[in-house]
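Read through the structure below, which is laid out as structure tokens, and then see the notes.
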Amino acid sequence: MRYVIVGAGPAGVVAAETIRKLDADGTITLIGDEPEPPYSRMAIPYYLVGKIGEEGTHLRHDPDHFRNLRIDHVQRRVTRVDPNSNTVVLDDGRHLQYNQLLIATGASPIRPPIPGLDLPGVHTCWTLADARRIAELATPGSHVVLMGAGFVGTIVLEALAMRDVELTVVEMGDRMVPRMMDETAGNMLRNWCEAKGVHVRTGTRITSIHPAGNKEEEDKPGILSRLIDAVTPAGTEDGAKPEDGLRVELSNGETLAAHLVVVSAGVKPNIGFLEGSGLAVDQGILVDDHLRTNHPGIYAAGDVCQGRDIMSREFHVHAIQPTATEHGRVAAYNMTGHEMAFVGSLNMNVLDTLGLISSSFGVWEGKGGQSVRLVDEERWRYLRLEFEEDRLVGAQSVGMTENIGALRGLIQTGVPLGEWKDVLLAQPQRFMEAYVGRIQG
């Protein structure tokens, strides 16, 4: 049996390793398009703040790991998939045959159509190569503008802030992490970041980026003095520095000086190379409950896969590493003839932002059922629970670290709460007791 896996992230690596456990004799080819050993993108912030070296981001630390498992790791890009001939085409012209194919190509950062986004000093933070460039530019005291305060952007925010830069965050939504938290929680996170010295602009867009020494500007009389006055980042007093090579224009009329602009405007699944393949796609690659696509012998996993949501039972892209690794494992079982259904993934996010823990699980915005909120802004604590009949279907929290996994357990299991629902509506902080009473009791 010849197995080909396109994508060398967590989903692809787990799938390759699981296939080898289940099939000792099959040929396994793992294809990744980066010149690095397979690594975890979630480890990049730790690299940026110096907690780990590059090797610390690697998914497997033994350099002979894949060779010892007889997994052929090919570092090329797949340009086309041909289900009719069971072939994938590489960017060097090679054609690889497969009996079973897994597409785990992940996602790529979105680059909005903003003038100046291709200038030197403007970078995404998605790959190790990106992280190396950012580490060179994000020096203590340098002016950095971060576009986007979503889940990934907020992770990047912490890494940048810990490098002691003068950081301004620009988020077009009305609050931080708008796809993870409501207005109360998102604004609480914003206030926390500002108290830590990070300048945050919500409800604001970057409209353009220009070189600080733009020829048109140099020709205008007195432009140097006006530029120094205009490009003072929020919260600073010294104005632009000689190394600030960029002017960042905002929709609110502000102009920020920047040595570095980091773009974190969301991600999109890597499905472009599948055009003309006949594979069914929507937000990502459409699959059934066994992660099979509409073509026999082809599966999808990870951030490129539109799989089952355990709460809604609908199909969504959940671009988080726990979902990716479970996708990889389940796909491997099915690819090797061991029937295994994917029960569904839970929409969940947990952030540690400069010491403040926040989380959301399930249908955190609610489904029209009853809900309860507990707010203590002075102590940076917030809890919101969402119910459907007598089941907990969603939750979000700020500043709570103990037993937070119990919220996930109550939501993911869908256990009827019975009398515990009334208890939680009156005292939502007792969710751990409800978990013990309904699941462990």
Selection from the stretch 256-295 of residues that are assigned to a strand (DSSP E or B) and either in the same structural domain as THR323 (by TED's automatic domain parsing) or under 25 Å from the mean Cα position of the chain (by Cα) (or both): ALA258, LEU260, VAL261, VAL262, VAL263, VAL267, LYS268, PRO269, VAL281, ILE285, LEU286, ARG292
Where MET311 falls short, out of the listed (1) assigned by TED's automatic domain parsing to the domain that holds GLY7; (2) farther than 20 Å from ILE155 by Cβ; (3) modelled with pLDDT of 95 or more: (3)
Pull up the stretch 286-299, narrow it to residues that are touching a Leu at 6+ places or on another chain (Cβ under 9 Å) and surrounded by fewer than 21 Cβ atoms within 10 Å (Cβ to Cβ), then point me to the one that is nearest to GLU339 (Cα to Cα). GLY297
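Restricted to the stretch 32-76, and to residues that are basic (Lys, Arg) and under 22 Å from the mean Cα position of the chain (by Cα), which residue is nearest to SER108 (Cα to Cα)?
So in the stretch 32-76, the residues basic (Lys, Arg) come out as 41, 51, 60, 67, 70, 76.
Retained after the next criterion (residues that are under 22 Å from the mean Cα position of the chain (by Cα)): 41, 51, 60.
Working: ARG41: 11, LYS51: 25, ARG60: 22 Å.
Residue satisfying both the conditions and the ranking: ARG41.
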Filtering the stretch 163-198 down to residues that are of a type in the set (A, V, I, L, M), part of a loop (DSSP other than H, G, I, E, B) and buried (at least 20 other Cβ atoms within 10 Å of the Cβ) yields VAL165, MET176, VAL177, MET180, MET181, VAL198
List every residue pair whose Cβ atoms sit under 6 Å apart, with the two residues 6 or more apart in sequence or on different chains, where the first one lies in the stretch 130-157 and is in contact (Cβ under 8 Å) with a residue 24 or more places away in the chain and the second, anywhere, is in a loop (DSSP other than H, G, I, E, B) and of a type in the set (D, E, K, R). ALA138/ARG163; PRO140/ASP164; HIS143/ASP244
Quick test of your reading of the structure: ARG329 fulfils all but one of (1) in contact (Cβ under 8 Å) with a residue 60 or more places away in the chain; (2) crowded, with 22+ Cβ neighbours inside 10 Å; (3) in contact with a helix residue (DSSP H, G or I) (Cβ under 8 Å, 6 or more places away or on another chain). Name the failing condition by number. (2)
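This table checks each residue for (1) in contact with a helix residue (DSSP H, G or I) (Cβ under 7 Å, 6 or more places away or on another chain); (2) over 29 Å from TRP380 (Cβ atoms); (3) small (Gly, Ala, Ser).
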{"site": "LEU102", "(1), (2), (3)": "yes, yes, no"}
{"site": "PRO120", "(1), (2), (3)": "no, yes, no"}
{"site": "PRO140", "(1), (2), (3)": "no, no, no"}
{"site": "VAL152", "(1), (2), (3)": "no, no, no"}
Quick one: would you say GLY297 is on the phi > 0 side of the Ramachandran plot, touching a His at 6+ places or on another chain (Cβ under 7 Å) and not hydroxyl-bearing (Ser, Thr, Tyr)? no
On the basis of being surrounded by 24 or more Cβ atoms within 10 Å (Cβ to Cβ), in the same structural domain as THR87 (by TED's automatic domain parsing), on the phi > 0 side of the Ramachandran plot and under 19 Å from the mean Cα position of the chain (by Cα), does GLY302 make the cut? yes
Specify which of the listed residues (GLY253, GLY239, GLY222) is modelled with pLDDT of 95 or more, out of contact with any strand residue (DSSP E or B) (no Cβ under 6 Å at 6 or more places or on another chain) and either under 16 Å from ARG201 (Cα atoms) or assigned by TED's automatic domain parsing to the domain that holds ALA159 (or both). GLY253
Identify all residues within the stretch 365-405 that are under 27 Å from the mean Cα position of the chain (by Cα) and modelled with pLDDT under 95; write none if there are none. GLU365, GLY366, LYS367, MET400, THR401, GLU402, ASN403, ILE404, GLY405
Going residue by residue through the stretch 369-377, is there one that turns out to be assigned by TED's automatic domain parsing to the domain that holds ILE404, under 30 Å from LEU424 (Cβ atoms) and among the acidic types (Asp, Glu)? yes
Only one of (1) under 20 Å from ALA8 (Cα atoms); (2) surrounded by fewer than 18 Cβ atoms within 10 Å (Cβ to Cβ); (3) out of contact with any strand residue (DSSP E or B) (no Cβ under 8 Å at 6 or more places or on another chain); (4) not basic (Lys, Arg) is not met by GLU339, so which one is it? (1)
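The values are calculated or read from the model by the stated rules, or taken from the named source; none is laboratory data. Fair warning: this is a prediction, and the values are worked out from it, not measured in the lab. Every residue, glycine among them, receives a Cβ derived from its backbone with ideal geometry; neighbour counts consider all protein chains shown.
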